[in-house]
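The values are calculated or read from the model by the stated rules, or taken from the named source; none is laboratory data. If you're wondering where the values come from, they're calculated on a predicted model, not measured in any experiment. Virtual Cβ from ideal backbone geometry, glycine too; neighbours counted across all protein chains shown.
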């Protein structure tokens with residue numbers, strides 16, 4: 001019994017190390033592309049970088065679904081993180097969204113709209129953490145990711 005417990009702890013430690021590397025290596029390309037896409041958004045408009053980063057996040061969700069469905073090694077998640085990072089990832093989506101709100105609102109309504117966006121982001125993060133915890137405990141991770149993909153595609 002002790003051997004099985006220590007083996008599971010070793011597997012979880014190894015998995016956490018892989019996921020740390022995946023997150024870090026996905027973060028590195030987004031540093032470069034965030035500055036490039038942000039400057040491009042000033043010239044070409046706010047919607048194109050926003051769509052570009054959403055496309056990268058869509059690729060990330062599809063890679064997660066493939067890895068979970070086919071039970072591939074966790075290192076394959078790096079491919080999705082790299083592609084998402086090259087498309088700007090979450091910082092470009094946030095920056096483009098807030099810049100777009102700043103462009104289309106008047107000076108008087110800008111504060112309220114930006115506060116509404118921040119509140120929506122905070123409530124969505126809280127609700128997502130609560131719902132995903134329950135779904136992971138129920139061992140329906142693939143269904144959860146497919147649900148996320150369909151919702152993300154609908155908003156895209």
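Considering only residues of the stretch 132-152 that are out of contact with any helix residue (DSSP H, G or I) (no Cβ under 7 Å at 6 or more places or on another chain) and at pLDDT 70 or above, which is surrounded by the fewest Cβ atoms within 10 Å (Cβ to Cβ)?
Filtering the stretch 132-152 for residues out of contact with any helix residue (DSSP H, G or I) (no Cβ under 7 Å at 6 or more places or on another chain) gives 133-134, 136-140, 143, 147, 150-151.
Next cut, at pLDDT 70 or above only: 133-134, 137-138, 143, 147, 150-151.
Details: 133: 10, 134: 11, 137: 8, 138: 10, 143: 12, 147: 13, 150: 10, 151: 11.
It comes out as 137.
Looking across 11, 20, 103, one residue alone is surrounded by fewer than 16 Cβ atoms within 10 Å (Cβ to Cβ), within 18 Å of the chain's Cα centre (by Cα) and either modelled with pLDDT of 90 or more or closer than 30 Å to residue 143 by Cβ (or both). It is 20.
Look through the stretch 79-96, keep the residues that are more than 12 Å from the chain's Cα centre (by Cα) and surrounded by fewer than 18 Cβ atoms within 10 Å (Cβ to Cβ), and return whichever of them is farthest from residue 43 (Cα to Cα). My answer is 79. On inspection, residue 60 passes the criterion of being part of a helix (DSSP H, G or I), modelled with pLDDT under 90 and buried (at least 19 other Cβ atoms within 10 Å of the Cβ). Candidates 77, 25, 15, 32: the one that is within 30 Å of residue 102 (Cβ to Cβ) and in a helix (DSSP H, G or I) is 32.
For the stretch 28-51, give me each residue that is under 21 Å from residue 76 (Cα atoms) and loosely packed, with under 14 Cβ neighbours inside 10 Å. Lay out the reasoning, then the answer.
Residues of the stretch 28-51 under 21 Å from residue 76 (Cα atoms): 28-30.
Matches in the stretch 28-51: 28 only.
Quick check on my filter: what residues within the stretch 83-110 are within 15 Å of residue 36 (Cβ to Cβ) and part of a loop (DSSP other than H, G, I, E, B)? Hits for the stretch 83-110 are 87, 88.
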